[in-house]
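A short reminder: the numbers here are calculations on the coordinates, not readings from a lab. What you see is a predicted model, and the numbers here were worked out from it, not measured in a lab. With ideal geometry, Cβ positions are generated from the backbone for all residues, glycine too; neighbour counts draw on all protein chains shown.
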Amino acid sequence: MSARDRILNKLRAGLNGTRPRPDDFDEALVTRPWQYSAQERVTRLRSLMEAVHTEVHPVTMADWPVKVQELLATRNVGNLLYAPETAHGRQLARHWQAVTAGPTLLAYDRPAEDWKDQLFWQVEASLTGTAGGIAATGSLVLWPDRHEPRLMSLLPPLHIALLRASEIRDNLYELMQEQGWASEMPTNLLLVSGPSKTADIEQVLAYGAHGPKELVVLILEDA
C-alpha cells in the first residue's frame with residue numbers, strides 16, 4: 001500500500017459514524033447586495049477599474065482593432081503579442097494586413113521555451129480576450145488556455161484586454177454558476193482589476209513590479 005493510500009484510508013476511517021453538515025448556504029447573501037442593470041454593470045466596472053489606474057474604452061465589435069492601433073501608436077509600441085488561433089486574433093490579423101504600417105504582430109504559436117528571451121525581454125504589448133467581467137468588484141476574468149497562456153497577460157509591460165459588455169455579470173457567484181466552475185475549474189484562472197502594483201519596497205507604490213505596468217480594457221458593445 002502506498003503512502004497516499006494509507007493517508008486516504010485514515011481520512012475515510014475518521015469519518016465513520018459521522019454525518020455531513022446540512023447545506024444551509026443562502027445564495028442571497030452573496031448576490032442580493034450586488035445586483036445591477038445592464039448599463040449599471042458597465043458603468044460600475046469602468047468606474048472601479050479606472051480608480052486603480054486601468055484605462056477603459058468603449059468600442060464596437062467591428063472597430064476595436066482600429067482602437068488597438070491607435071493605442072499602440074500613441075505609446076510608440078513596436079510589437080504586439082496576439083493569439084492567431086482565436087477569433088479576435090484572426091480579426092486583428094485581418095485588420096493589420098489592410099493597414100500600411102504599424103507595430104509588428106508576434107504570434108504566440110509555440111512553446112515558451114522556444115523563444116524565452118524574446119518573450120520575456122522584447123515583447124512590448126499583448127492582446128487577449130477575457131472570460132467575462134464582474135461589476136461588483138470591477139474585475140476581469142482571464143481563463144488562460146493553450147491559445148492564450150498566462151504569460152501573455154503577465155509578461156508584456158502593456159496588456160490590452162477585450163471584454164464583451166454582454167459578458168459582464170453582477171457578482172462573482174453569478175459568473176461561477178453560469179460558467180459551471182464547479183465542474184470545469186481550470187488549472188489557472190485570474191481575476192484582474194488593474195495593472196500590477198506593489199508597495200512592498202519602502203511603502204512606495206510602484207507599478208509593473210509583478211506584471212504589466214499598464215492595463216487597457218476595451219469594452220466591446222454588441223450592437
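A few points about this structure:
- Residues (of a type in the set (Lys, Arg) and either surrounded by 13 or more Cβ atoms within 10 Å (Cβ to Cβ) or under 22 Å from the mean Cα position of the chain (by Cα) (or both)) located in the range 19-64: 41, 44, 46
- When the strands (runs of 3 or more DSSP E) confined to the range 118-204 are screened for residues that are hydrophobic (A, V, I, L, M, F, W, C) and under 25 Å from residue 43 (Cβ atoms), those reaching at least 3 such residues are found at 139-142, 158-164, 190-192.
Condition check ((1) over 25 Å from residue 194 (Cα atoms); (2) in contact with a Pro (Cβ under 9 Å, 6 or more places away or on another chain)) across all residues:
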| site | (1), (2) |
| --- | --- |
| 77 | no, yes |
| 92 | no, yes |
| 105 | no, yes |
| 113 | yes, no |
| 126 | no, yes |
| 145 | no, yes |
| 150 | no, yes |
| 161 | no, no |
| 165 | no, yes |
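- Within the range 89-108, tally of residues that are out of contact with any helix residue (DSSP H, G or I) (no Cβ under 7 Å at 6 or more places or on another chain) and either among the small types (Gly, Ala, Ser) or surrounded by 20 or more Cβ atoms within 10 Å (Cβ to Cβ) (or both): 6
- Test: residue in the range 116-123 that is hydrophobic (A, V, I, L, M, F, W, C), under 30 Å from residue 33 (Cβ atoms) and crowded, with 17+ Cβ neighbours inside 10 Å: no
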